[in-house]
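The values are calculated or read from the model by the stated rules, or taken from the named source; none is laboratory data. Worth saying up front: this structure is predicted, and the values here are computed from it rather than measured. Every residue, glycine among them, receives a Cβ derived from its backbone with ideal geometry; neighbour counts consider all protein chains shown.
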Amino acid sequence: MKFLFFSMRIIIFFISAACLFIQAGVADELQPDQEKVITLDQAIEIALAQNRSLQGAQLDVAASGFSLDAQGAEFDIKVRPAAGVRQSFDNANSWNVGLDVSKKMESNITVSLRPTIEVNEDENITGLAVSLGVPLLRGFGKEVARDSMYSSIFAFDTAKLTFYRAQVDTVLQTVSAVYDALQSEQLVTFFAEQAGRLEGHLALVKIKVTTGVVSTIDLYRAKIRLQEVRDSLTTAQERYANSIDILKEVLALPMGQSVTVTAPVDFEPVAITLEKALQTAQRNRVEIEQQQMSFDEAGRKEKLAKHNLLPSVNLKMSYSPQGRVSESFDFTSINDQNWFVGLTGDTDFSRTAQRSAYEQSRIAVRQAKLNYEATLDRVEKEVRSQLNRLEKSQLRIELRKEQIRQSEGKLNLAQSKFRYGMAGNFDLLEAQTEYQRGQVDLLSDVTGYIVGTYKLRAILGTLVSRE
């Protein structure tokens, strides 16, 4: 048990030290007065080191570890000094000192030792009280004595799993923020280029209107389309600024820090069978492990509640000899010896409160089992749903690419007709709109698929290493 407490302290120390070291390194790299280009891997590393919600979960782990240490101290040897001074009306003064030494065994047996010495004007008296308390029925046993410790261990393990889940959520938030910022940045570039091409087209239409090649309606179409693209550009710029701020919030970076992000936009289709994905998720998901822990803890509480149905019967034994000592505190003789052996106890024959607690513990066990089974079903549903979502997303990407190829051919044809005065710009602007919509949708589907692969890894429990 002491080794367990020592290990907990080591774990907490190294987690805190590692995070402080990483934070110091990140702080040196990121200065508010300079622009920083952050890759996806760097963003994840910074988030795991600096995210405030993650740090809060880490503090919960540390607090649970100290609580576990406090519960373990219950079985340590307790030494409590005791002293007193007494003065009576006849001016007879005395003082006494002593120690209370006690030890609680893991079987819930308590042993105590109290040596004392009293000094007064007439004589010096020493005393020694030795006592032993043994619960014979209710309260006896390792499971009862260590109930608080087991509860603290459960709380500590739960805090660690919660911390791990917070790490997974933080990584997903970081990936989503990075790709949202990257998508917004690419949309800004795309709409800016579109606006530049439309401005050139508008200038050409103005010339053709003056020469009578095209009608005034073509000029209005070009102006309206240019305003639509400019509006889309403004929206994309606003979205990009907001996504960068969200990313800086996740990474706990100063809001004044100039940040740009880079991330790969190439992807490989997910190749994993449903059966293997389900096996991986059932083996790695911490939610399943946490529900199993809750079920085991409920079973332990049920056994404890059943044990508490027993009546309270305690065996008390004590021995307290007293003796005189000389003025030089040399022991002289024992003049009094007190022995005590007895049984104490109390019980309520109806045991209403204890029986109610026992029935509630049985209900808690059944509820924990239902929660465990529901978690298994939920994990399986998440795996199936995410695999299906990625499959449909991959199909949409192929459809978007084909749509772009078709709209590009239509755009080239419309440009040729408009250039040689064979048609107005209605077909041209329509083809440009379809081509732009296809590019935007493709970009959204590609980034969505990449983020979806990270979500799949989170669902399978393999996104963040448990180490």
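Brief remarks follow.
- Which numbered condition residue 271 misses (of (1) within 27 Å of residue 459 (Cβ to Cβ); (2) without any contact (Cβ under 8 Å) to a residue 60 or more places away in the chain; (3) in a helix (DSSP H, G or I)): (3)
- For the stretch 234-257, filtered to residues that are over 21 Å from residue 173 (Cβ atoms) and among the hydroxyl-bearing types (Ser, Thr, Tyr), the residue that is surrounded by the fewest Cβ atoms within 10 Å (Cβ to Cβ) is 234.
Yes or no, residue by residue, for (1) touching a residue at least 12 places away in the same chain (Cβ under 8 Å); (2) assigned to a helix (DSSP H, G or I); (3) polar (S, T, N, Q); (4) closer than 25 Å to residue 213 by Cβ:
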{"position": "396", "(1), (2), (3), (4)": "yes, yes, no, no"}
{"position": "409", "(1), (2), (3), (4)": "no, yes, no, yes"}
{"position": "431", "(1), (2), (3), (4)": "yes, yes, no, yes"}
{"position": "441", "(1), (2), (3), (4)": "yes, yes, no, no"}
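- Within the stretch 71-91, if we keep just the residues that are among the small types (Gly, Ala, Ser) and not in a helix (DSSP H, G or I), the residue that is modelled with the lowest pLDDT turns out to be 88.
- Entry remark, the stretch 271-284: residues being of a type in the set (A, V, I, L, M, F, W, C) and buried (at least 17 other Cβ atoms within 10 Å of the Cβ) number 3 in total.
- Top-ranked residue of the stretch 443-466 - restricted to ones that are among the charged types (D, E, K, R) and assigned to a helix (DSSP H, G or I), ranked as modelled with the lowest pLDDT: 445
- Of the residues making up the stretch 209-235, those that are in contact (Cβ under 8 Å) with a residue 24 or more places away in the chain and under 42 Å from the mean Cα position of the chain (by Cα) are 232, 233.
- The listed residues are 185, 238, and the only one of them that is under 40 Å from the mean Cα position of the chain (by Cα), in a helix (DSSP H, G or I), within 30 Å of residue 54 (Cβ to Cβ) and without any contact (Cβ under 8 Å) to a residue 40 or more places away in the chain turns out to be 238.
- For the stretch 340-363, filtering for residues that are surrounded by 10 or more Cβ atoms within 10 Å (Cβ to Cβ) and touching a Ser or Thr at 6+ places or on another chain (Cβ under 9 Å) leaves 5.
- Here residue 260 meets each of (1) surrounded by 16 or more Cβ atoms within 10 Å (Cβ to Cβ); (2) in contact with an Asp or Glu (Cβ under 7 Å, 6 or more places away or on another chain); (3) within 22 Å of residue 444 (Cα to Cα) with one exception, condition (1).
- Test set (1) assigned to a helix (DSSP H, G or I); (2) in contact (Cβ under 8 Å) with a residue 12 or more places away in the chain; (3) of a type in the set (S, T, N, Q); (4) in the same structural domain as residue 382 (by TED's automatic domain parsing) - residue 257 fails condition number: (1)
- Condition met for residue 465 (among the polar types (S, T, N, Q) and in contact (Cβ under 8 Å) with a residue 40 or more places away in the chain): no
- Applying the condition of being surrounded by fewer than 20 Cβ atoms within 10 Å (Cβ to Cβ) and polar (S, T, N, Q) to the stretch 445-467 and asking which residue is farthest from residue 389 (Cα to Cα) yields 465.
- Evaluation of residue 124 against (1) at pLDDT 85 or above; (2) surrounded by 15 or more Cβ atoms within 10 Å (Cβ to Cβ); (3) farther than 30 Å from residue 451 by Cβ (one fails), failing number: (1)
- Check on residue 157, buried (at least 19 other Cβ atoms within 10 Å of the Cβ), within 42 Å of the chain's Cα centre (by Cα), at pLDDT 85 or above and of a type in the set (D, E, K, R): no
- For the stretch 395-416, the candidate set comprises residues that are surrounded by fewer than 16 Cβ atoms within 10 Å (Cβ to Cβ) and touching a helix residue (DSSP H, G or I) at 6+ places or on another chain (Cβ under 7 Å); within that set, the residue that is modelled with the highest pLDDT is 401.
- The condition of being of a type in the set (D, E, K, R), under 30 Å from residue 156 (Cα atoms) and either modelled with pLDDT under 80 or touching a strand residue (DSSP E or B) at 6+ places or on another chain (Cβ under 8 Å) (or both) holds for only one of 36, 104, that being 104.
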